[in-house]
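Down below is the structure, laid out as C-alpha cells.
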C-alpha cells in the first residue's frame, strides 16, 4: 500500500511539472481614465444581414421565390461582370473601330454558344433580376453597356425588343430602395448564409 502511494505521488508530481504553462505577455493599447487602466482592443467590423420573415403565407412564398431566383441568376451576373472586364481590356487594346467590331462579333458569338441556351431557360422574373444584378456587378445599366459595346442603333433595338417582353434595359439597381431585399439576399449569398 505504501508503495502504491509513493508511485501515485511520483506520477502526480510528474504530471504537474509537465503541464506547467509558459505565460507570454500580451501588449495591448490602453487608456487611463480616472486612474483606471482600460485596455483598448480593435475588433473587425461585422455586418449582420437578415431578412424579415413576412407575416402572411403568401408573402413568405413570394420571399422564398425571390431567394431562389436571386440564387439562380447571381452567378450569371458575376460572370457578366467578369466577361465585361475581359472584353473591355481587349476593346481598349483594339487599334481601330473595325478591329473593335470584329472583337465584339467574336465575343457575342462566344457568349451565345456558351451561355445562350441556359439564359433562354430563365423565367421572366429571373430575367428582370438578372438585368438589375448586371447593373450591380458592372456599375452600369444594360442599355448603356449595349450602347457602349454595340452602338446606339443596336441598343435602341434591344431596348425596344425588351420592352415588348416587359423588360427595361435602362432600369438602375437601387440597393437602398426597391432592390433592398435583393441586396440583402446577395450579401447573404456572398457570406454563405443562404
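Quick look at the values:
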item	result
Alpha carbon centroid spacing (whole Å) that separates segment 30-50 from segment 118-136	44 Å
Gyration tensor verdict on segment 101-151 (Cα atoms; rounded if a/c is under 1.5, prolate if a/b is larger than b/c, oblate otherwise)	oblate
Burial ordering of 50, 142, fewest other beta-carbon atoms within 10 Å first	50, 142
Cβ-Cβ FRET estimate between residue 98 and residue 157, R0 fixed at 25 Å, reported to 0.05	0.70
Degrees separating the helix 180-190 axis from the principal Cα axis of the chain, which is the longest one	60 degrees
Prolate/oblate/rounded call for the chain, Cα gyration tensor, a/c under 1.5 rounded	prolate
Between 0 and 90°, nearest 10: helix 2-18 axis offset from the chain longest Cα axis	40 degrees
Two-site label geometry, residue 45 and residue 150: point separation in nm, points 7 Å out along Cα→Cβ	3.9 nm
Tilt relative to the chain, helix 97-120 - C-alpha long axis, 0 to 90 degrees, to 10	70 degrees
Order of 79, 84 under a 10 Å beta carbon neighbour criterion, fewest first	79, 84
Centre separation in Å (Cα based) which lies between segment 73-116 and segment 171-188	26 Å
Least to most buried among 99, 183, 176 (fewest other Cβ within 10 Å first)	176, 99, 183
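FYI, it's all coordinate maths here, none of it is from the lab. Because the structure is a prediction, the values reported are computed rather than measured. Note that each Cβ is placed from the backbone with ideal geometry, even for glycine, and that neighbours are counted across all protein chains shown.
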